[in-house]
1. Could you list, in sequence order, all residues of segment 361-413 that are modelled with pLDDT under 90, part of a loop (DSSP other than H, G, I, E, B), of a type in the set (D, E, K, R) and closer than 22 Å to Phe62 by Cα?
2. Of the conditions (1) among the basic types (Lys, Arg); (2) farther than 30 Å from Asp79 by Cβ; (3) buried (at least 18 other Cβ atoms within 10 Å of the Cβ); (4) within 21 Å of the chain's Cα centre (by Cα), Arg114 satisfies every one except a single condition; which number is it?
3. Is there a residue in segment 47-70 that is part of a strand (DSSP E or B), of a type outside the set (A, V, I, L, M) and either surrounded by 15 or more Cβ atoms within 10 Å (Cβ to Cβ) or over 21 Å from the mean Cα position of the chain (by Cα) (or both)?
4. For segment 222-236, does any single residue satisfy the condition of being of a type in the set (S, T, N, Q), without any contact (Cβ under 8 Å) to a residue 40 or more places away in the chain, part of a helix (DSSP H, G or I) and in contact with a Phe, Trp or Tyr (Cβ under 9 Å, 6 or more places away or on another chain)?
5. Right, Asp247: crowded, with 24+ Cβ neighbours inside 10 Å and part of a helix (DSSP H, G or I) or not?
6. Looking for something among the hydrophobic types (A, V, I, L, M, F, W, C) and outside any loop (DSSP other than H, G, I, E, B) - is there at least one such residue anywhere in segment 427-445?
7. Filter segment 145-156 for residues that are under 20 Å from Ser351 (Cβ atoms) and outside any helix (DSSP H, G or I) and give the result.
8. Can you name the condition, by its number, that Asp140 falls short on among (1) modelled with pLDDT under 90; (2) part of a helix (DSSP H, G or I); (3) surrounded by 17 or more Cβ atoms within 10 Å (Cβ to Cβ)?
Amino acid sequence: MPHHDGETGHESPPDQDARIGDDDDLARRPALSDAPEQEVRRRHVLYIPGYDPRDPGLYRRFAAFELRRFARLWGAKVDVDDKHVEDPAIPSVRWTARATAGDAKVEVGYETLRWDDIVARDFSTPLPLKLLAGFVTLFDALFSGLLFRVARAAPWCAIAWLFPVAVILFWTLLGVGLGYGVWRVAEAYGQGFAGVLAWIALLVGTPLAALAVMRKRGSFVVHLMDDGGAQRSYARRLDPLTEARIDAFASRIRAIKAAAQVQELLIVGHSSGSFMAIDAVARALEAEPELGNGDRPAIALLTVGASELLVGMHPAAGWFRERLKRVAMDHGVFWAEVVAPWDTLNFPHRSPVEELKLDVPADCPNPTFRRAFLTKMLKAESIAKLRRERNIFRAHFQFIMANEVRGPFDYFSLVCSPWRTKTQFRRTAKGAYMSPHLGAPVYPAPKEPVAA
């Protein structure tokens, strides 16, 4: 079965398979290596973002800012290229960073695989078609049983999925009420037919007007509506452009492997990028079954804030479940999935292999499944601010942002690490922090009481 090496924090519930950082065991843990050698001097990161229409150049600026915060936390030095290189053939945007932490020096090629044009296309759909597509997605989720499976696996994720439905339903009912009132007045003046027309106009126009206002203000209600439709399309394989894009991503994975110019290739899928990353790796493995063999480069897959179950649970997505199973069973690819109970847009309870009840052998190597906790990532005041603002997207992005405190999951410690990703997760399974420094693992301080 998939690995459950423990949680990336101390606040894990007592019924989990393993805990890290037990206070009475700190002094007895041996170092993983008495004479550590740097495993990675050059790493290539392929980052697949979530459902986001923004220019991927933004991600370079965002990462540069977060890397500076990361460097201050760990006493490291990071230099980031001022410019990025666009490759329309893939398409992608890439840039380079150089990290120094003590004796460790790592060069990182960071490449964002683009699908923002596909998201922008969805965002630009005329509002009447968008509203119709929203109802089609809702009926599909209900009659296929997808929504009930999601609710059983992650209730808060189902609530987030249903939130746009509730908002549109509110405006639709308001239109019904207003239309009824206008019809009654018109009928009293002998204009019943005109009243019916006005009723229909308000029934349709009220939710459309509300959607127009919300879209103009950048409301996440419209964002979530489009995202749900895109997930349905992905599960049913309805979009040839998306299919071709994943094939291009898979080809890029194979090309970097064939070039053998780095010690590790790390493929990162965040949010909706999680199922695209899994799919791309599976397609690369289908084309080249021996892809993960050999040491140069080692191949690692990291899915964070993962939502692949929104596709995998759909009855029409048997093809995707087979691909997920292929990645899970491949011993040449290390796959880690990091989720969190504080993120309403992921599935924090069980690994995708378990949740989908896939038939895998007992020695199935993937994924290593971890939970991250805010108290091991952010300071108390930042956590309080997140709770006050209830900004679900800001919380969702914490997976790919710098920590404020040293902890067992640190995204940029993985990106800049002199250790392979597999080694970093093995270190934290023994109770250590992720760290960009060479040397023996640094273990967490004794656990302090934490608020909920």
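1. Scanning segment 361-413 gives a single hit, Arg390.
2. (2)
3. The answer is yes; a qualifying residue exists.
4. Within segment 222-236 (the criterion being of a type in the set (S, T, N, Q), without any contact (Cβ under 8 Å) to a residue 40 or more places away in the chain, part of a helix (DSSP H, G or I) and in contact with a Phe, Trp or Tyr (Cβ under 9 Å, 6 or more places away or on another chain)), the answer is no, since none of the residues qualifies.
5. no
6. yes
7. Ala154
8. Condition not satisfied by Asp140: (1).
The values are calculated or read from the model by the stated rules, or taken from the named source; none is laboratory data. Here the structure is a predicted model, which is why all the values come from computation and not from measurement. Cβ atoms come from the backbone with ideal geometry, glycine included; neighbour counts cover every protein chain shown.
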